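Only one structure is covered here, and it is reproduced in the block below.
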Amino acid sequence: MGTMTIDGRKIEFTDEKNVLSVIRKAGINIPTLCYHSELSTFGACRLCTVEDGRGKMFASCSEEPRDGMVIHTNTGKLRKYRKLIVELLLAAHCRDCTTCVKSGECVLQELAHRLGVKQVRFENTREQRELDFSSPSIVRDPNKCILCGNCVRACSEIQGIGCIGFAFRGTEAMVMPAFDKKISETDCVNCGQCRVYCPTGAISIRTNTGSVWEALNDENVRVVAQIAPAVRVAVGDYFGLPKGRSVMGKIVNVLHRMGFDEVYDTSFSADLTIMEESAEFLNRVQKGENLPLMTSCCPAWVKFVTDQYPEYVKNVSTCRSPQGMLSAVIKEYFRDPQNAQGKKTVMVSIMPCTAKKMEAERPNSYTKGEKDTDIVITTTELIRMIRTSGIDFAAAEPEACDMPFGFGSGGGVIFGVTGGVTEAVLRRLNPDHSKTTIENIASCGVRGEEGIKEFSVPYNGMEVKICVVNGLGNARTVMEQVKSGEKEYHLIEVMACRRGCIMGGGQPTRAGERTKAARAKGLYNADNTMIIKKSDENPLVLELYNGLLKGKEHELLHNDSY
Ligand code: HC1
Ligand code: SF4
């Protein structure tokens, strides 16, 4: 606690961890490349350098705030210094800005403009490196890496994986997987968090929009879309609408106008997941086997368990993810020649997640030898498609999804935020439909952005012990505690990305605290407006069980192996 003088103004500070945070609190957006409040401080880029009262320069991210400090953030010396840093970074960087996938969102590009870098006086002497296309989810382009280390720290500190790191020294320094392996040959779980923290185009989404346009141009193809819960709250702000507002109806409108034949909501199959997973949970509790039940909808988490805790694979729910369930059901529906009407069906899934691309390739994502989900695109790719189409998104009138799979309950919608799956399960298990019950469930400890939440709820004379986890680093902590016997649970929900799918690896990047909170709020608001909040009350779900699903529940809704 104290006061410092920043550019002539007195600013009070309390528990800010560094001078940089106090400067930002003062409303000054000082440039940074390697600083991220959720990662450890690296202090490598030096862009946040400031001057003290005696003209001494230091990186503000690495300095603790002290009472009485005098700080200058915008002197001539600092402007010149920052400009030189950016010029040197650009000198060692591929400068294909016009064709770079990150153009317009690249922090380096923005800083070059902002700091007035008009030319680069130095030659790029770095050897050109091959791009790594081995992953179905992300692409690594070492030529665009500026060695900020954000991806390395995100992968090790947040996700607890650590499959990329620094190699070599000095001008040879590089970020890469150990022994220069391909990323697909490592423990990478495809979560895309390295891409979220990368300020340039060095790690980007493996894009599949070309295949979608191709399908849309083919008259013999019926193109069907499904839209994940978290997508609807992460598109609007790109087009100037309020952060976190659900724009599901607008997305449906533009997809129809692009040529999608049918558009469905993944929260419908999230309801199916709840039906199946709740039954599976009760069955396991009754038999006392394979507890704790671990959720299976997040593919990065499923890969994490299968790779790192194989002895717990039997605990993972056999339920397919909502993406998998909906694609399998839709493909089955169009296997009936009457429904198919001579057209081939291409299933396009629109997800906040890069790992869903990997999930769609898994051997267990096929039914009757046919791939369930043909193409997965992320929210970021959807935004690019909307821009390509030229449709005025903000002005698009909301439209409803198509039938018969176009409606999900509130329980299905909140899947996109950490705790949502568990909350929907608790709604399903509770026979009481009253408003008070729904409110009590919401306040039982299941909500909130903490990485690990533990609570218990009474059910049929027992105390059901639950753990809700987000972030794989936190998942590792919980798994170690379960393994050692230190902790016992009946149910563990894990989403690989911090805060759940709303912060998935395929969402638009550069989301600050306000955006993160707004996305979660947007999904809870969407739930608040739904008349049907419980998955078992969704009439379309009940109709499906009595019709197309009869006798095929296991084949279409479950995985036999991981
Ligand atoms: Fe998710 Fe899921 S909630 S995994 O976070 O269970 O991606 O949104 O679609 O499949 O419904 C993601 C989100 C998503 C699935 C659902
Ligand atoms: Fe690490 Fe996830 Fe990136 Fe893979 S996708 S390198 S696991 S952060």
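The values are calculated or read from the model by the stated rules, or taken from the named source; none is laboratory data. All figures in this text were calculated on a predicted structure; none of them were measured in a lab. Heads up, the Cβs are rebuilt from the backbone with ideal geometry, glycines too, and the neighbour counts pull from every protein chain shown. Just the protein is used for accessible areas: all its heavy atoms, side chains included, with ligands, DNA and RNA removed. Shrake-Rupley method; radii C 1.70, N 1.55, O 1.52, S 1.80 Å.
Where only protein heavy atoms count, and the probe is 1.4 Å, what is the accessible area per residue for region 306-440 in Å²?
Details: 4860 Å² over 135 residues.
Accessible surface, normalised per residue, equals 36 Å².
The string of couplings for region 476-490 from the Karplus curve (6.51, -1.76, 1.60, θ = phi - 60°) is 5, 4, 5, 4, 5, 5, 5, 4, 7, x, 5, 10, 10, 9, 9 Hz, one whole number per residue in order, with x for Gly and Pro. When each of the peptides 316-324, 403-411 is scored by the mean number of other C-beta atoms lying within 10 Å of its residues, the order from highest to lowest reads 316-324, 403-411.
Annotation: amide H of Ile71 within the under-5 Å range of Thr5, Ile6, Asp7, Gly8, sequence separation 5 or more or interchain, hydrogens built in the peptide plane.
Of the listed peptides 413-426, 201-214, 367-380, what is their order by residue-averaged count of other C-beta atoms within 10 Å, with the highest listed first?
Details: 413-426: 29.1, 201-214: 19.4, 367-380: 21.3.
The densest-packed peptide leads the list: 413-426, 367-380, 201-214.
Near Leu78, within a Cβ-to-Cβ distance under 13 Å, what is the net charge of the other residues, with Lys and Arg +1 and Asp and Glu -1? Surrounding charge for Leu78 is +4. If you take the square roots of the eigenvalues of the alpha-carbon gyration tensor of region 427-552 and sort them as a ≥ b ≥ c, do you get rounded (a/c under 1.5), prolate (a/b over b/c) or oblate? Oblate, because a/c is 1.5 or more while a/b does not exceed b/c.
With a ≥ b ≥ c taken as the square roots of the eigenvalues of the C-alpha gyration tensor of region 357-408, please select rounded if a/c is under 1.5 and otherwise prolate if a/b is larger than b/c or oblate if it is not? Don't skip to the end; give the middle numbers.
Details: a/c = 3.52, a/b = 1.65, b/c = 2.14.
Since a/c reaches 1.5 but b/c is at least a/b, the shape of region 357-408 is classed as oblate.
In the chain, helices alone account for a calculated mean residue ellipticity at 222 nm of -9500 deg cm²/dmol, with every DSSP H run of four or more residues adding -39,500 (n - 2.57).
Indicate, rounded to the nearest 5 percent, the antiparallel portion of the DSSP beta bridges found entirely in region 444-562.
Close to 60 percent.
Stretching Asn430 away from Glu553 to a fully extended chain increases their span by 42.0 nm, per 0.36 nm per residue minus the current alpha-carbon distance. Within region 327-472, antiparallel bridges make up roughly 70 percent of the DSSP beta bridges whose residues both belong there.
Simple rule: put +1 on each Lys or Arg Cβ and -1 on each Asp or Glu Cβ in the chain, find the dipole, and look at Gly451, Tyr312, Val469; the Cα lying farthest toward the positive end is Gly451.
Counting Lys and Arg as +1 and Asp and Glu as -1 over every other residue whose Cβ lies under 12 Å from the Cβ of Asp96, the net charge comes to +2. Counting 0.36 nm for each residue step from Thr75 to Phe133 and taking away their Cα separation leaves a gain of 16.5 nm. Charge tally around Pro299: other residues with Cβ under 14 Å, Lys/Arg +1 each, Asp/Glu -1 each, net +1.
Taking amide H positions as modeled 1.01 Å from N, with prolines and chain starts lacking one, the residues under 5 Å from Thr49 and 5 or more places away or on another chain are Ser60. A simple rule links phi to the HN-Hα coupling: the Karplus curve 6.51 cos²θ - 1.76 cosθ + 1.60 with θ = phi - 60°, which for region 330-347 gives 5, 4, 5, 4, 8, 6, 6, x, 5, 6, 5, 6, x, 9, 7, 9, 10, 9 Hz, with x for Gly and Pro.
Considering only beta bridges that DSSP places wholly inside the chain, some 55 percent are antiparallel.
As a rough guide to protection, the peptides 69-79, 5-15 ranked by mean Cβ packing within 10 Å, highest first, stand as 69-79, 5-15. Phi angles across region 243-252 convert, under the Karplus curve 6.51 cos²θ - 1.76 cosθ + 1.60 with θ = phi - 60°, into 3J(HN,Hα) values of 3, x, 5, 6, 10, 3, x, 5, 4, 4 Hz, Gly and Pro given as x. Average accessible surface for region 134-282: 33 Å² per residue, computed with a 1.4 Å probe over protein heavy atoms with every protein chain in place.
Here's the picture: a label point sits 7 Å out from the Cα of Lys118 along the beta-carbon direction, and within region 79-109 the residues with their amide nitrogen under 16 Å of it are 80, 83-84, 87. What is the calculated FRET efficiency for Lys371 to Thr529, with r their C-beta to C-beta distance and R₀ = 35 Å, to the nearest 0.05? Computed FRET efficiency for Lys371 and Thr529 comes out at 0.50.
Assuming a ≥ b ≥ c are the square roots of the Cα gyration tensor eigenvalues, decide whether region 152-304 counts as rounded (a/c under 1.5), prolate (otherwise, with a/b larger than b/c) or oblate. Walk me through the intermediate numbers first.
Values: a/c = 2.01, a/b = 1.16, b/c = 1.74.
Cα axes put region 152-304 in the oblate bin.
What a 1.4 Å probe finds exposed on the chain is 50% carbon and sulfur by accessible area, rounded to a whole percent.
Between Leu542 and Met462, what FRET efficiency comes out of the Förster formula 1/(1 + (r/R0)^6) with R0 = 30 Å and r the beta carbon distance, rounded to 0.05? Write out the running numbers ahead of the final one.
Values: r = 28 Å, r/R0 = 0.93.
That pair, Met462 with Leu542, gives E of 0.60.
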